[in-house]
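Data first, discussion second: the structure below is written as structure tokens.
Bear in mind these aren't lab numbers, they're just calculated from the coordinates by the rules spelled out. Everything numeric in this text was worked out from a predicted model, so none of it was measured. A quick note on method: Cβ atoms are made from the backbone with ideal geometry, for glycine too, and the neighbour counts reach across all protein chains shown.
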Amino acid sequence: MRLSFYKRLVQMADMGVSSPAKVSSRCGPTINDLPDELLLEIFSSIPSNETSTLYNLALTSRKYNKISEPFLYHTFQYDAAVHAPVRLFISTLLIRPELASHVKEIFLSDWDLPNFAWEASEIASSRQVMLEKVGQFNFPPKYTKRWKQTLADGEDHAEIALLLFLVPNLEILSLQMPHKFNPKHFMPLRLLFEALDDPDMVRVHQFAKLRKLLLAPVEIDGVDPLTIAPFSTFFRLPAMEEFQADQGYDIGSMHLYEWPIHESTVRTIVLRDCYSSGHAVATLIHACKSLRTFQFIWNGNVGHSAERMTDFSEAFSAFLTHETNLENLSISINRGHRWGVGPHNSATFYNIHKFAKLTTLHISPELLIGFLHTTSTRQFVDLFPASLEALTLNIWAIHTNRDINVLAEHSNLSVSHASSLLEPPYLPLLFNHLTCLAQNTDRFPTLKRIVINSFDTLREQWQPVVDEFGRVGISVEVCLFEGYE
């Protein structure tokens with residue numbers, strides 16, 4: 001009710017009407033009589049994507065202009081296809097520095113186009129102001145010279161660097177890195193490293209409020225994944241809480257950069273479709289002093305090379321350093337890629353019961369107990385921590401010779417051996433294990449929900465398991481997918 005009332009007031013202001021009673025000679029107070037605090041709450045109800053409404057409000061009066069500015073400048077989204085606005089935005093922040101404090105989120109995408117030449121009208125104004133500002137940051141001469149040169153040449157990342165160093169209250173940064181652009185040459189990274197290395201000399205803000213970094217490559221078919229190792233500097237920032245990377249690639253490159261060890265404030269790590277070695281994952285985890293959430297999501301969208309799949313047996317020791325604080329763990333391998341969890345990864349997480357605060361677990365059974373041939377039902381029940389609230393299991397029964405051959409090739413097994421690992425009694429044993437878990441739910445007082453991801457060919461076989469958990473009040477959702485070629 002109250003929100004709809006606020007929206008009605010905003011609509012009236014947007015149309016230039018003070019209040020419904022304005023036409024009456026006996027009208028009382030209007031929206032203009034409301035205190036600024038209440039107007040701020042009204043303006044905050046406007047969806048962030050309705051910028052036209054905010055623009056109209058800003059043009060209504062000086063009062064509304066002042067109140068709307070924090071919302072107008074809250075988020076900046078840059079697309080190289082519309083290049084001029086970034087220079088206009090930077091110029092505005094240089095002319096009115098107080099506006100820079102309102103910028104909380106920056107999304108940079110698709111800046112893979114050739115350098116943009118400066119227009120004649122910009123040379124005498126915007127460019128000169130920007131070049132002067134670069135000199136005021138007091139970076140070492142070689143950095144300042146290089147920065148000014150790339151800025152004068154119209155290179156995107158030089159302007160992006162200037163933008164980032166103008167906004168002291170930035171909280172969220174999303175970078176979509178262009179194809180074949182080496183992140184180690186990304187100017188904001190080089191400058192940030194220098195600023196953190198010598199904070200007394202370099203006069204820039206230290207990104208003290210940045211809490212989330214999102215990385216991804218430009219979405220073009222066949223592009224190389226994004227190298228995430230050079231972004232180690234962000235793990236040194238004081239307020240950083242969340243790191244996400246899409247299609248990252250780090251096989252043997254992490255040691256080339258200075259990563260903190262159990263010092264970073266990062267609490268959440270999300271890796272999607274990343275070609276990351278076990279060592280790379282371990283480096284990310286070891287950097288954190290109190291990791292709460294880790295998600296590894298593999299949808300198979302960037303290739304099918306099993307040799308590039310993460311060896312979690314190499315990374316598990318890093319997870320154990322967070323056994324007292326990890327709350328959410330997801331190792332999600334999409335259907336059709338179960339071979340990504342080969343025998344070398346089997347039973348990697350057999351000590352998951354040690355994670356006393358773990359509430360959410362999404363994993364393949366192979367990572368818990370191998371292929372079940374040597375694990376008893378009692379051992380299966382003993383695997384899980386008592387704190388568990390939600391459990392998701394990816395159970396992809398393999399039906400094709402292709403998958404058996406891939407597993408054999410990349411795990412140095414004979415085809416017959418690989419086939420034996422994937423054939424019955426795998427599924428019957430798994431059903432028995434889950435039934436035993438349902439009969440011992442008193443050991444898991446907070447467990448309320450289980451999700452099973454599997455193939456539709458197993459529909460009838462899952463019903464007894466669903467019924468068994470239903471008898472003890474635990475909801476089981478079986479998500480069945482079509483088989484694959």
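Based on the Cβ-Cβ distance of Thr60 and Thr435, what FRET efficiency does E = 1/(1 + (r/R0)^6) give at R0 = 60 Å, to the nearest 0.05?
With R0 = 60 Å, the Cβ-Cβ based efficiency is 0.35.
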Next on the checklist: Within a 10 angstrom radius of the beta carbon, how do Cys274, Cys479, Cys436 rank from fewest other beta carbons to most?
Outcome noted: Cys479, Cys436, Cys274
Checklist outcome for this item: Site His205, offset 7 angstrom along Cα→Cβ, radius 11 Å on amide nitrogen, limited to segment 93-109, gives 98-105
Item to check | Within segment 315-332: backbone nitrogen closer than 19 Å to the Glu389 label point (7 Å, Cα to C-beta) | outcome: 323-331
Checklist entry - So which of Lys63/Lys133; Lys184/Lys289; Lys148/Lys184 end up more than 28 Å apart, counting from Cα to Cα? => result Lys63/Lys133
Checklist entry - Given a Förster distance of 35 angstrom, what is the FRET efficiency for Gln128 paired with Leu40, based on the Cβ-Cβ distance and rounded to 0.05? => result 0.45
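Length gain on complete extension for the stretch Asn138 to Asn169, per 0.36 nm per residue less the alpha carbon to alpha carbon distance?
Values: separation 31, 0.36 × 31 = 11.16 nm, distance 2.05 nm.
So the chain would gain 9.1 nm between Asn138 and Asn169.
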Next on the checklist: Sort Phe89, Phe349 by Cβ crowding within 10 Å, fewest neighbours at the top.
Outcome noted: Phe89, Phe349
Checklist entry - Tell me, Ser317, Ser253 in order of fewest to most beta-carbon neighbours within 10 Å? => result Ser317, Ser253
Next on the checklist: As an exercise, use a Förster radius of 35 Å and the Cβ-Cβ distance of Thr359 and Gln461 to find the FRET efficiency, rounded to the nearest 0.05.
Outcome noted: 0.75
